[in-house]
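Chemist: Shown below is the structure under consideration.
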Amino acid sequence: MAIIQTTNLQYTFSKGPQLIFPSFQAEENSELLILGSSGTGKTTLLHLLAGLRKPTVGEVKVNGLLLSSLSGAALDCFRGKNIGVVFQTSHFVQSLSVIDNILLAPYFSNNKVSKSDAEKMLDRLNILSKKNKKTSTLSVGEQQRVAIARALLNNPSLILADEPTSALDDENAKDVLNLLREQTHALNAALLIVTHDNRLKDEVKQRIELTALKS
Amino acid sequence: MKIIFIAWKNCWQKAGATTLTLLLLSFGVGIISMMLLLENQLSDKFNKNIKDIDFVLGAKGSPLQLILANVYHIDAPTGNIKVSEAQKIIKNPTVKEAIPLAYGDNYEGWRIVGTTPRYAEFYEVKLKEGKVFETPFEVTVGSYAAKELGLKLGQTFKSNHGLDKEGEEEEGHDQLFTVVGIYEASGTVIDRLILTPVESIWEVHDHGDHEESAHAGIVSAEDHDAEDHDAKEHADEDGHDHAEEEHAHEAGHDDHEEEREVTAYLLIKRLPIAPMILPQLVKNTNMQLALPAIEINRLNENFGIGMSVVKAVAILIMIISFLSVFISLFNALRERQYELAILRTLGGRRIQLFVLILLEGLFMVALGLIIGLVLSRVGITLLSDMAKDSFHDEFNAMIFLPQEYYLVGVTLGLGVVASLLPALRAFFMDISKTLSND
């Protein structure tokens, strides 16, 4: 069974362009790169896939479940448990430490994850030594690792990454991509990277190109 | 980890703004709570001490001063009145009872009041140990005065002239007062007085007080109205000695000593028409009749204006502090909108964000409230120390008034109101839009 499957997705902004997305699906243990220059609706697509926004037309199925059939708290909970999202620039709860920030993921999705599991995750991403630091004291590369740790801590079956590397230099970008891939394999999940970063082009075989669509 | 923990941490993320809000709120709450405590205890003291005293008969002067001096024992007396002159009023059939009060001496700054045993009985003050004074120079001490002065049964002391401890050494009298009893604590003015028969005061001043009889002192001399025979004998003897001395030094004082004087009489009426009859009798004398209830009302009114101003300022401070809560939450919301959107993508529900923001506001308000209530107690304690020094009276800082429950309720309620709009904004936030605005 495909972890994520989209059919005939369209989104129309109330005062803006209509976006039509190609249908696709991703299996367990697979990687999919969604490429597009700015204005092609990359972020909108990612939000549709994560259930943060409802499509105007078409549907998204995650683990066989139609996202549009869920709403409110049930959708928030489903997303928290099944989908890990890594954003372009990492946002954290400024007042909390690194470890408390990644523990927010299991807390808000009602998952049982122990503190030692969280520490193991930080260890895997090589940032265990920073666990009691405030996130604002970390470098951009380190912050991105924390964001990945947070996205993965719930063992999601779908990992969505929105421009995870575009803010990073070559070395860090490579690191982050490798980490995402390793962890995806470790979790048997599907990894979807939405980006305009051409450095990733040659790294991932399966890819979809979005083209600017005008209505 | 709990939402409550995140809210608490968030409060201190902007420590500066939070501290300012706390300062404002705690001052507002503190001032209001202090006013409530003060008002409550002052009116309690006033009412308890007025009890059923209908009039105070004393020397002409400020009627309020007369009341403060003779009912509350916190101001200087207005002067003395002649016992003989007072008779036509206190013997009037509309008067049920008249309790004499005679001032003139103190011990270590605590007032010695010449009176009758009826004074303490009137306030329903019971004896803790010993007996009630009977003969001159026996004293029965109020509980608070006994405690502060460390007076024990059988102990003797010399009095000082006047009402202040600062009286010069030479003004001290030679007679020894003996403690024969100690009253139980009653919360009335008796607690901080040293009571003795009126005759003690008269006798003391026969010996020591030559010229300064106007000094609120009591001058005694031959008085045929004296009820106590013993005292009369003493007084006669002493008066005689004194008169001799007096003549040796200075002439022309005799007219002062022809009659015994007291500072005031506390009157309790028998008939409701007393307020119409008694003032007529006082006309054309050197005496005045003051009504405690009216004077205290007047005092409360004047006090009340001051208190109202202070309260208004406190309420203003509180309003500003609620605005501060509102503004700091709103600012935080703008700065932290991504944070909140991320919490939603992690599975956080709308209601959890709503609660988070509400809790942040409530934490600030609750903390401000607690600090404010503590501050007011500290303030009352300081005031109490001052009152102790100047009036030998104290305020209880460790009580919680019913009105303060309202204060807590209203403050928390307004805290919710101030946090509601920011919390609702968090509730209705469009996460996708927020995250797209990167």
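Conditions tested, residue by residue: (1) buried (at least 20 other Cβ atoms within 10 Å of the Cβ); (2) within 17 Å of A:Q5 (Cα to Cα); (3) facing chain B (nearest Cβ under 8 Å).
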site: A:E59; (1), (2), (3): no, yes, no
site: A:S69; (1), (2), (3): no, yes, no
site: A:D76; (1), (2), (3): yes, no, yes
site: A:Q94; (1), (2), (3): no, no, yes
site: A:L103; (1), (2), (3): yes, no, yes
site: A:P106; (1), (2), (3): yes, no, no
site: A:K112; (1), (2), (3): no, no, no
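Chemist: On to the next question. Restricting attention to the stretch A:140-154, which residues are away from every other protein chain (no Cβ under 13 Å) and either modelled with pLDDT of 90 or more or crowded, with 16+ Cβ neighbours inside 10 Å (or both)? Working first, answer last.
Modeler: Taking the stretch A:140-154 as the starting set, the residues that turn out to be away from every other protein chain (no Cβ under 13 Å) are A:140-142, A:144-145, A:148.
If the condition is that a residue be away from every other protein chain (no Cβ under 13 Å) and either modelled with pLDDT of 90 or more or crowded, with 16+ Cβ neighbours inside 10 Å (or both), then A:G141, A:E142, A:Q144, A:R145, A:I148 are the ones that fit.
Chemist: Could I ask something else about it? Is the stretch B:13-32 home to any residue that is surrounded by fewer than 23 Cβ atoms within 10 Å (Cβ to Cβ), out of contact with any Phe, Trp or Tyr (no Cβ under 8 Å at 6 or more places or on another chain) and not in a helix (DSSP H, G or I)?
Modeler: The answer is yes; a qualifying residue exists.
Chemist: Does B:A76 qualify as being farther than 25 Å from B:R377 by Cβ, assigned to a loop (DSSP other than H, G, I, E, B) and under 28 Å from the mean Cα position of the chain (by Cα)?
Modeler: Yes: the conditions hold for B:A76.
Chemist: Looking at this structure, is A:L65 more than 10 Å from chain B (Cβ to nearest Cβ) and surrounded by fewer than 18 Cβ atoms within 10 Å (Cβ to Cβ)?
Modeler: Judged against the criteria, A:L65 is a match.
Chemist: Anything in the stretch B:380-438 that is charged (D, E, K, R) and either touching a Cys at 6+ places or on another chain (Cβ under 9 Å) or within 30 Å of B:W110 (Cβ to Cβ) (or both)? List them, or say none.
Modeler: B:D385, B:K388, B:D389, B:D393, B:E394
Chemist: Follow-up. Can you tell me which residue is nearest to the other protein chains (Cβ to nearest Cβ) among those in the stretch B:400-438 that are open to solvent by less than 50 Å² (accessible area, probe 1.4 Å) and closer than 30 Å to B:I190 by Cβ?
Modeler: B:E404
Chemist: Additional query: Could you figure out which of (1) of a type in the set (G, A, S); (2) without any contact (Cβ under 8 Å) to a residue 40 or more places away in the chain; (3) surrounded by 14 or more Cβ atoms within 10 Å (Cβ to Cβ) isn't true of B:G361?
Modeler: It is condition (2) that B:G361 fails.
Per-residue answers, yes or no, for (1) closer than 22 Å to A:G84 by Cα; (2) modelled with pLDDT of 90 or more:
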| position | (1), (2) |
| --- | --- |
| A:I4 | yes, yes |
| A:T12 | no, no |
| A:K15 | no, no |
| A:L19 | no, no |
| A:E31 | yes, yes |
| A:S37 | no, no |
| A:G41 | yes, no |
| A:T44 | yes, no |
| A:L48 | yes, yes |
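Chemist: Another question, then. Give the residues of the stretch B:325-381 that are more than 13 Å from chain A (Cβ to nearest Cβ) and not hydrophobic (A, V, I, L, M, F, W, C), sorted by residue number.
Modeler: Within the stretch B:325-381, B:S328, B:N331, B:R334, B:G361, B:G368, B:G372, B:S376, B:R377, B:G379, B:T381 meet the criteria.
The values are calculated or read from the model by the stated rules, or taken from the named source; none is laboratory data. Predicted, not measured: the structure shown is a model, and the values here were computed from it. Note that we place each Cβ from the backbone using ideal geometry, even for glycine, and neighbour counts take in every protein chain shown. Calculation scope for accessible area: heavy atoms of the full protein, side chains included, ligands and nucleic acids excluded. Shrake-Rupley method; radii C 1.70, N 1.55, O 1.52, S 1.80 Å.
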